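Everything below concerns the one structure shown next.
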Amino acid sequence: MPAQDPLRATFVAILKQLNRAESRHEGDSTEQALELGEIQSRLSDFWAVKNGSARIPLAVGLLLRNGMIEVAGDSDYSWQRQRDVATRYQITVTGKQFLMEALEKSDRVG
């Protein structure tokens, strides 16, 4: 089996986190998106981040430019987070399609 591309694997990991946040907090738009720091924290033990072959801010920027994620609303005060909220990101339909295709490919037996 060929080695996994660290950047692509990081894209998938980020999209999984954003999709999970959206699903878990359906109907609460404030909580359906994640800040960069939250994404970094959730993926701190991810293999591509841990070994230095992928950087979360770069991956988020590339996902944003390719329309797989988007900036969510204004940066407001969040009573859930008990502070001002920084730029938050959420998954788009294009991101969900990419994620589904990536997951389908990884589930296939060669």
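The values are calculated or read from the model by the stated rules, or taken from the named source; none is laboratory data. As the structure is a computational prediction, the values presented were derived from the model and not from experiment. Glycine also receives a Cβ, built like all others from the backbone with ideal geometry; neighbour counts cover every protein chain displayed.
Go through segment 59-73 and give me each residue that's within 14 Å of ARG88 (Cβ to Cβ) and free of Cβ contacts under 8 Å to residues at least 24 places away in the same chain.
Across segment 59-73, the qualifying residues are GLU70, VAL71.
Rundown of residues vs (1) more than 15 Å from THR10 (Cβ to Cβ); (2) at pLDDT 95 or above, yes/no style:
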{"position": "GLY37", "(1), (2)": "yes, no"}
{"position": "PRO57", "(1), (2)": "no, yes"}
{"position": "LEU63", "(1), (2)": "no, yes"}
{"position": "TRP79", "(1), (2)": "yes, no"}
{"position": "TYR89", "(1), (2)": "no, no"}
{"position": "LYS96", "(1), (2)": "yes, yes"}
{"position": "LEU99", "(1), (2)": "no, yes"}
{"position": "ALA102", "(1), (2)": "no, no"}
{"position": "SER106", "(1), (2)": "no, no"}
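So which pairs qualify, if the first residue must be in segment 86-110 and closer than 17 Å to ALA21 by Cβ, the second must be polar (S, T, N, Q) and modelled with pLDDT under 90, the Cβ gap must be under 8 Å, and the two must be at least 6 apart or on different chains?
ALA86/SER75; THR87/SER75; ARG88/SER75; GLN90/GLN32
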